[in-house]
Amino acid sequence: MLRLCIALAVLTAVSWAQSCGIPSSEASAFLAAHNKLRASISSGSYVAKGKRMPAAKTPIAPMTWDCAIEKSAQAVANTCVFAHSKNRQNLGENLYTMWSSNKMSFTGMGTKASNSWENEFQQFGWPDVKLTPAAFSSGIGHATQMAWAKSTKLGCGMKLCDGDKKVLVVCQYRDAGNFMNQNIYDPR
């Protein structure tokens, strides 16, 4: 009985730590999508627009949720302005928005935003593990931030805007990624 109580306490703490503000189901969806991409790249099974990417020299660490980063991302989302924030200290940032003529909710936004970003690799391709200005300019910057091996902490914020007919999603990453002429990850 004591073991069951301890296990429940640990599970509750883990669930709470992951749900610092946005619904825990959405935080879990963000993490699941990011970590699925990172694991497939790491193993060498990821295919971007028909091109299999090389496996990582060392495993790409899974992302973990960070409440302080979530709070920072939420502050940006709360502005309801689709624009990158200023003065981010070692934080990368991805933005996503969706609108409708009907009222919206946060349900499914973690998956939708993450899938939209990852889809850049499918739509535009991924020429090389080194991020060049040409590759970045092709439209893969959100996807490369998701995959950036040195980014290991994630926090996202969401806000319903314009009479709940628009959702703004902001994810921030520590350490920041997308440095030109650096490897997104080190290939085998």
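The values are calculated or read from the model by the stated rules, or taken from the named source; none is laboratory data. The model shown is predicted, which means the values in this text are computed figures rather than measured ones. Don't worry about glycine lacking a Cβ; one is built from the backbone with ideal geometry, like all the others, and counts go over all protein chains shown. Side chains included, ligands, DNA and RNA excluded: accessible areas come from the protein's heavy atoms. Shrake-Rupley method; radii C 1.70, N 1.55, O 1.52, S 1.80 Å.
Charge tally for VAL167 (other residues, Cβ to Cβ under 13 Å; Lys, Arg +1; Asp, Glu -1): +2.
Only Lys, Arg, Asp and Glu carry charge here, each on its Cβ (+1 for the first two, -1 for the last two); on that basis the chain has a dipole of about 240 debye about its Cα centre. The alpha-carbon of LYS165 sits under 20 angstrom from the alpha-carbons of these aspartates and glutamates, leaving out residues fewer than 8 places away in its chain: GLU26. By the rule of a C-alpha distance below 17 Å, with chain neighbours fewer than 8 residues away ignored, the lysines paired with LYS57 are LYS130, LYS150. Which residue, GLY139, GLY157, GLY108, tops the fluctuation ranking in a GNM of the chain built on C-alpha contacts under 10 Å? Judging by the Gaussian network model, the answer is GLY108. Per residue, the chain exposes 52 Å² of solvent-accessible protein surface, assessed with a 1.4 angstrom probe and all protein chains in place. With a cut-off of 15 Å between beta carbons, the residues surrounding PHE179 carry a summed charge of 0, where Lys and Arg count +1 and Asp and Glu -1.
Across the options PRO127, LEU95, THR111, the greatest Cα extent toward the positive end of the charge dipole of the chain (unit charges at beta carbon of Lys, Arg, Asp, Glu) belongs to PRO127.
Which residues make up the longest stretch of the chain clear of chymotrypsin sites (Phe, Trp or Tyr not before Pro) that lie in a DSSP loop with no more than 16 other Cβ atoms within 10 Å, not counting the sites? Of all site-free stretches, the longest is 1-81.
With the helix formula -39500 (n - 2.57) applied to DSSP H stretches of n ≥ 4, the chain reaches a computed 222 nm mean residue ellipticity of -12000 deg cm²/dmol.
Computing Rg/Rh (Cα atoms, Kirkwood Rh) for the structure here picks out one of (i) 1.11; (ii) 1.00; (iii) 1.06, namely (ii). Projecting the Cα positions of GLY163, HIS142, ASN181 onto the charge dipole of the chain (unit charges on Cβ atoms of Lys, Arg, Asp and Glu, taken about the Cα centre) puts ASN181 furthest along the positive direction.
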